[in-house]
Each structure stands twice: as structure tokens, then as C-alpha cells.
Amino acid sequence: MTLTIETLSKLCQAKISNGNPETKITAAADIMEAKENQITVLSSPKYAKYLKDSKASACFISDKFSTTDAPEGLALLVCSDPEISFLEAISALYPAKKIPSQIAPQSAIAENVKLGDLIHIGAFTSIEENSQIGDNSKIFANVQIGSDVKIGKNCRIYPQVVIYDHTEIADNVIIHSGSVIGADGFGYKYRNNQHIKVPHVGNVIIENNVEIGANTCIDRGALGSTVIGTGSKIDNLVQLGHNNKVGRNVIICGQSGVSGSCTIEDGAILAGSAGIADHVTIGQQAVVMARSGVSQDIKPKTQVFGFPAKERKIAWRELAALTKLPELFKKFKKLEARVEDLENLSKAKDGDT
């Protein structure tokens, strides 16, 4: 979509400084790559060096930052939060695809399924008995929804998602392609030289405003529920085991794995490839750094790193010490040689006497 700088400034609550308000904007771009008729953002003063040579037609900038390096003709859109204003501009320039409210004739929907208003059901999607879909939700092609599933309003379930029986999904939830919600957890008892499967009769509860990335798996509870709290965001390729309790506004990055019966408290962050052992609690706003392995509870507002995960500063000091081992080993070998020489000299003197 094409919009003028003036229109964008009004949409994004920004004040125009410099430039021509009638200039047309056709796209958004990074400050290092933006060209004519594109809008960009100066998100941090450390990127200010790119502003003076920018070919962009407009740039969002903080009202707390002043510059004299802006090229002549570059419109500065002054606002309190440039990053959020830039995101609003992107949404305006790239409007979301409109999904028609319709039910594909190729879908298979049980007779007692309750469907809300203005919903979309794609081709070859199946919905089993006693399930319900809320108003304005979009269920795309080839989605498999089990029985007694509840999906709220304004949800988006992308192709190839599988949602097992008794799953409860609240409003404004997004689940990307290939995810599996509510499969059995990985639970077995070893008896008589064989693994006996633990029945899983619980479910998964996903609260409001959650987003789940592609090919992520969330297991049902063995007896109770696996819960994903309001506002939490889960990346692609994440495994969440049975009976986990994920709090509000939690971030879980790609390829992380959380064993069963863990508690991830509000605002915590699991960086990429983090691994959490079973029955562990990650405290509020704690950060588990990338590729860390956690086997014990983590206190709130702490950052941990490594395997086994330790407080970040301690872990980094230990890594720094490890880099000195080759040099220390050389010194040790020299000292060992000197000691051996002194011992040989002492023996020689003893022999002379």
C-alpha cells in the first residue's frame, strides 16, 4: 500500500520535522538499506551514523534524540517510541491478507460442533464432535481438531496443526503450521524388562494472546493440565513436556526443551536451545541463556548460563579461566622439568659425598 508521510504521521502519533509531508511511502526498510520512498527507524543512537547517508524518504526518531546529520529532504517523524511507531507503519503499509468468512465444502465437521460468527474453515480440515470455535477465528486448511476442543475468538490456526481432544484455547491465540497440541507426554515405568506406558488423561490449556511457532509440540498433562499463560510467546521447534505450568508473558526461544512438571514463572526467558530438567522452577523474570542446561531451580531475576547452568558471571569467569589452561600447562611442564633437574642435581651431590 502507498501512503503519504503525513498520513503515516497521523496513524503513528508522530510529529513531522523536515521533509515534504506529501511524499509517498511505498515500503519500510532497515536504516542501513532504506531507499527513496521508503520509511525507516532510528531505534538507537548507536545507529545514528547511518542516518547522514540514508536514502530513505522518512525516518522515525525519538523525541529524546536530536540530530543535525539528517540529509536534506529526509522527513523525521518524531515520537515517544520510534520502534512501536515503525511497527504501526509496517502494519499500515503491508495490510494483512483478508480471509473470507466461509466454510470450505471439503472440510469434515461433526454435526454437534458449535461454530461462531464470521469464521473461516479451510479445505480438508476436520473438527470432531462436541468441539466449538469462537467468533472471527480462522482455521486454515488441513487442520485436525479433536473432540471436546474449545477454541476462542479471533484465533488463527495455520495449516497442518493437530489439536488433540479436550484442549482449551482462549482468545487471540496464534498457532503456526505443523504444531501438535495435546499429544501424550513421554512417560513410562520400567517393569519386567519393558517400558509400561503411563496413560495421559489430562489436557492442554492455552490462555489469551499466546503465539506458538511452527513445529512446536506441547504435551497434555498426565492427570491434570499443561498450561500456557496469557501473553506468552513460544518459538518454532520447542518441546514442552506434560504438566508444565508456563506463566504470563514468558518467552521460549527455538529448539528449547522443557521436561515434565516444570514451572516457568511470569516474564521468564528461555533463550535458544535451553534445556530444562523435570520438576524445575524458573523464577519470575529469570533468563536462561542460550544452550544452557538447567537441573535445579533458578531464582527470580537471575541470569544463568552453561551446563550445568550457573549464575552468568560465575560461568563466564570459569570459561575465561579455561582459556588460560594451555598457558598454565606449559608453565607446569617447565616447573616439572626444573624440579626434575634439581632432584637429579641433589642426587648427584649426595653421590659425591
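The values are calculated or read from the model by the stated rules, or taken from the named source; none is laboratory data. Quick caveat: nothing in here was measured; it's all calculated off a predicted structure. Cβ coordinates were reconstructed from backbone atoms using ideal geometry, including for glycine residues, and neighbour counts include every protein chain displayed.
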request  = Would you mind finding the one in 210, 180, 201 that is within 28 Å of residue 153 (Cα to Cα) and surrounded by fewer than 15 Cβ atoms within 10 Å (Cβ to Cβ)?
outcome  = 201
message = Among the residues of segment 97-107, are any surrounded by fewer than 17 Cβ atoms within 10 Å (Cβ to Cβ), of a type outside the set (Gly, Ala, Ser), within 18 Å of residue 204 (Cβ to Cβ) and modelled with pLDDT of 95 or more?
response = no
Top-ranked residue of segment 300-315 - restricted to ones that are assigned to a loop (DSSP other than H, G, I, E, B) and in contact with a Lys or Arg (Cβ under 9 Å, 6 or more places away or on another chain), ranked as surrounded by the most Cβ atoms within 10 Å (Cβ to Cβ) = 306
Yes/no for residue 216 being more than 13 Å from the chain's Cα centre (by Cα), of a type in the set (S, T, N, Q) and within 22 Å of residue 176 (Cα to Cα) = no
query = Restricting attention to segment 26-50, and to residues there that are part of a loop (DSSP other than H, G, I, E, B) and at pLDDT below 90, which single residue is farthest from residue 81 (Cα to Cα)?
reply = 44
task = Would you be able to say whether some residue in segment 84-96 is at pLDDT below 95, surrounded by 15 or more Cβ atoms within 10 Å (Cβ to Cβ) and over 30 Å from residue 149 (Cα atoms)?
result = no
message = When you check residue 124 against the structure, is it under 29 Å from the mean Cα position of the chain (by Cα), over 30 Å from residue 49 (Cα atoms) and hydrophobic (A, V, I, L, M, F, W, C), yes or no?
response = no
query = Of the conditions (1) under 18 Å from residue 207 (Cβ atoms); (2) surrounded by fewer than 18 Cβ atoms within 10 Å (Cβ to Cβ), residue 272 fails just one. Which one is it?
reply = (1)
request  = Quick one: residue 242 ticks every box in (1) assigned to a loop (DSSP other than H, G, I, E, B); (2) more than 17 Å from the chain's Cα centre (by Cα); (3) more than 23 Å from residue 183 (Cβ to Cβ) except a single one, so which number is it?
outcome  = (3)
task = Filter segment 112-155 for residues that are in contact with a His (Cβ under 8 Å, 6 or more places away or on another chain), surrounded by 18 or more Cβ atoms within 10 Å (Cβ to Cβ) and either in contact (Cβ under 8 Å) with a residue 24 or more places away in the chain or part of a loop (DSSP other than H, G, I, E, B) (or both) and give the result.
result = 137, 138, 140, 146, 149
key: residue 91 vs. criteria within 26 Å of the chain's Cα centre (by Cα), in contact (Cβ under 8 Å) with a residue 24 or more places away in the chain and either closer than 22 Å to residue 179 by Cβ or outside any strand (DSSP E or B) (or both)   = no
remark   = Checked 290, 315 against criteria (of a type in the set (A, V, I, L, M), under 30 Å from residue 272 (Cβ atoms), outside the structural domain of residue 254 (by TED's automatic domain parsing) and at pLDDT 90 or above); the one match is 315
message = residue 299 - would you say it is closer than 23 Å to residue 244 by Cβ and of a type outside the set (Phe, Trp, Tyr)?
response = yes
